[in-house]
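Structure first, then comments.
The values are calculated or read from the model by the stated rules, or taken from the named source; none is laboratory data. Being a predicted model, the structure only gives us computed values, none of them experimental. Glycine also receives a Cβ, built like all others from the backbone with ideal geometry; neighbour counts cover every protein chain displayed. Keep in mind that these areas ignore ligands, DNA and RNA; they rest on the heavy atoms of the full protein, side chains included. Shrake-Rupley method; radii C 1.70, N 1.55, O 1.52, S 1.80 Å.
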Amino acid sequence: MEERRVVSTVRKFLEEKGYDGLIVSSWQNVYYCSSFTGYGDALLLITKTKKFIVTDSRYYVQAEKQSGDFELVKSPAWSLEKMTELVKQENVKKLGYEDLAVLHTMYVNYFEKLGAELFGVGDLFLKSRVIKTPEEIARVEAACDLASAALERTFKYIKAGVTEIGLAARLEYEMRTAGADKPSFDTIIASGVRGSMPHGTASDKVIEEGDGVTIDFGAFYGGMCSDMTRTVFVGEPSAEMRKIYEVVKEAQQTAIDGYKPGMKGKDLDKLARDVIAGYGYGEYFGHSLGHGVGIDVHEGVPVSPGSELVLEKGMIFSVEPGIYVPGLGGVRIEDLVTIGDNGKLRMVTKAPVKDLLIF
Ligand code: ZN
Ligand code: ZN
């Protein structure tokens, strides 16, 4: 088996830093490095020449299947005794750990007792994760396709009289029956005046005639998250909500069409923000234009007014402008994009129509 790209990255890092090994402990990076999906129940030790997966009897078969290129160490993942033994056996004197993911108690009660000198690896994994391989991009696309199809099947349940929670449950049911492992985050459904709360998770509010309904949701599928938002209407929206919808749609399209190679996160953010400000709604767009997506639903790649990060090929990020007017309601439209071979943004979300929908 060809060495995994991330394992080569880790080994190069160890070489450069003069470390002997690295313990991978967050479920995201355990999965990223080994494909193991017993989320939270395995640790990895990667050295310059060997790599181990430590997990218990519930997962032996699974670990051999998913992570067969790792040596299986049969032990509860967090056994201090076992890892101490392994660290000693492999002569690991300088040991890296995930300082961005390890809790203080884990550091004190586990890592500090392993008998090695510890070094935080910082954003080693995040820097690698934000640049996706074509295969990883295809997996995010598959998660997006599944979620988009689930939303279309949910449309017929959007009507006056249903609760936000009821609608969220239907949408999640449609995603699960289509094969999603789970929603990639708590489904946001904010209707009517609740729409002015950008992250209003579904409540017991009943959707009423005339409400805008903002639906922000995603599927976790193939180890990747999707993330998309649509705002639809139940009954005729007010003239102002109609206008806000068109402004948000124009802001999103302007950013998508206006991307140029070499742009930073802040440049793309500005394209959308200027449209919204131009219509006088600048103060009602309080969040960033977008963020990276991958194993985590928020995975690096800030597309925000202050972001100096240059957008690069392989990145997948959201473009999600919104306008939220307290006491009136809100509109957000969100899709995922990546940078195509032609240097333009390419849609990762192949979404249902973006024209204003009235149910
Ligand atoms: Zn979202
Ligand atoms: Zn998002």
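By definition, a body whose alpha carbon gyration tensor gives a ≥ b ≥ c is rounded when a/c is under 1.5, and the stretch 5-129 falls into this rounded group. Given R0 = 30 Å, the distance between the Cβ atoms of R58 and K264 translates into a calculated FRET efficiency of 0.10.
Backbone geometry of the stretch 149-158 corresponds, through the Karplus equation with coefficients 6.51, -1.76 and 1.60 at θ = phi - 60°, to 3J(HN,Hα) couplings of 5, 5, 5, 4, 6, 8, 3, 5, 8, 7 Hz, x marking Gly and Pro. Once the Cα-Cα distance is subtracted from the 0.36 nm per residue extended length, the L103 to E15 segment shows a gain of 29.1 nm.
With the simple model of a label 7 Å out from the Cα in the direction of the Cβ, L118 to Q89 spans 2.3 nm. Between A142 and K127, the simple spin-label model (points 7 angstrom out along Cα→Cβ) gives 3.0 nm. What you get for the stretch 5-129, charging only the Cβ of Lys and Arg (+1) and of Asp and Glu (-1), is a dipole of about 280 debye around the Cα centre. A probe of 1.4 angstrom, applied to the heavy atoms of all protein chains, finds T55 with accessible area near 0 square angstrom.
With a cut-off of 11 Å between beta carbons, the residues surrounding P134 carry a summed charge of -1, where Lys and Arg count +1 and Asp and Glu -1.
Once the chain from K344 to R242 is taken as fully extended at 0.36 nm per residue, the excess over their C-alpha distance is 33.8 nm. Looking at the stretch 5-129, the DSSP beta bridges with both ends there are about 45 percent antiparallel.
Close amide H partners of L118, meaning residues 5 or more places away or on another chain with modelled amide H under 5 Å apart, are L95. Can you tell me the 0 to 90 degree angle between the C-alpha axis of helix 164-177 and the longest principal axis of the chain, rounded to 10? The two axes meet at around 50 degrees. Given the rule -39500 (n - 2.57) for each run of at least 4 DSSP H residues, summed and divided by the residues of the chain, what is its mean residue ellipticity at 222 nm, to the nearest 500 deg cm²/dmol? Counting only the DSSP helices, I get -10500 deg cm²/dmol.
Taking all protein chains together and rolling a 1.4 Å probe, L357 ends up with roughly 40 Å² accessible. Once you reduce the stretch 276-304 and the stretch 2-61 to the center of their Cα atoms, the two points are 32 Å from each other.
Here I276 sits with roughly 0 square angstrom of accessible surface, probe radius 1.4 Å.
Accessible area, 1.4 Å probe, largest first: how do R129, R58 sort? Display every interim value, and only then the final one.
Numbers: R129 15, R58 155 Å².
Solvent-accessible surface, decreasing: R58, R129.
Using the Karplus relation 6.51 cos²θ - 1.76 cosθ + 1.60 with θ = phi - 60°, the per-residue 3J(HN,Hα) values for the stretch 17-32 come to 8, x, 8, 9, x, 8, 9, 9, 10, 6, 4, 5, 7, 4, 5, 4 Hz, with x marking Gly and Pro.
The Cβ shell under 12 Å around K243 holds other residues with a net charge of -1, Lys and Arg each +1, Asp and Glu each -1.
The trypsin sites (Lys or Arg not before Pro) of the stretch 146-242 that DSSP puts in a loop, and whose beta carbon has at most 16 other beta carbons within 10 Å, are K159. Each residue of the stretch 139-145 is assigned a 3J(HN,Hα), and the resulting list reads 5, 5, 4, 5, 5, 5, 4 Hz, derived from the Karplus form 6.51 cos²θ - 1.76 cosθ + 1.60 (θ = phi - 60°), x at Gly and Pro.
Summing Cβ point charges (Lys, Arg +1; Asp, Glu -1) relative to the Cα centre of the chain gives a dipole of roughly 540 debye.
Under 5 Å from the amide H of D99 lie the amide H atoms of V121, G122, each residue being 5 or more positions distant or on a separate chain, with H modelled from the backbone and absent for Pro and chain starts.
Each Lys or Arg adds one and each Asp or Glu takes one away; over the other residues whose Cβ falls under 10 Å from the Cβ of K50, this sums to 0. Out of all DSSP beta bridges in the chain, what portion is antiparallel? Express it as a percent rounded to 5. So the antiparallel bridges in the chain amount to around 75 percent. Would you please give the residues with an amide H less than 5 Å from that of K264, counting only those at least 5 places away or on a separate chain, with H modeled from the backbone geometry? Hits under the 5 Å cutoff: L311. The longest stretch of the chain left intact once loop-based GluC sites (Glu not before Pro) with at most 14 other Cβ atoms within 10 Å are removed from consideration, loops following DSSP, is 4-207.
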